[in-house]
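The values are calculated or read from the model by the stated rules, or taken from the named source; none is laboratory data. The model shown is predicted, which means the values in this text are computed figures rather than measured ones. Glycine also receives a Cβ, built like all others from the backbone with ideal geometry; neighbour counts cover every protein chain displayed. Side chains included, ligands, DNA and RNA excluded: accessible areas come from the protein's heavy atoms. Shrake-Rupley method; radii C 1.70, N 1.55, O 1.52, S 1.80 Å.
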Amino acid sequence: MATLETIVRRTLLIVGIAGVLVIYSGFLFLLFSGSPTTALPWFLLISPWICVYFGLTQTQQIGVINWFSSKCRLPFLSK
């Protein structure tokens, strides 16, 4: 069972990284070529990162959550 989980995690990680490369390069191409990007839904840019996140190990996922929450703290809530 552990090997199946490892295979699924690696597959998610590979698909997520490939998705980030393809989607963001296409987005940047549209942006720099002058084509309108308003028709692209916002979740299109987030979806490969979800695959990358679930492709990480549990300790790496916790590290990502801790890093992200430390970056998103509001100054008035840090008392």
Report yes if residue 45 is open to solvent by 80 Å² or more (accessible area, probe 1.4 Å), modelled with pLDDT under 90 and on the phi < 0 side of the Ramachandran plot, otherwise no. no
In the set 38, 59, the lone residue that is open to solvent by 70 Å² or more (accessible area, probe 1.4 Å), among the hydroxyl-bearing types (Ser, Thr, Tyr), assigned to a loop (DSSP other than H, G, I, E, B) and out of contact with any helix residue (DSSP H, G or I) (no Cβ under 9 Å at 6 or more places or on another chain) is 38
Of the listed residues (54, 43), the one being assigned to a helix (DSSP H, G or I) and either within 10 Å of the chain's Cα centre (by Cα) or polar (S, T, N, Q) (or both) is 54
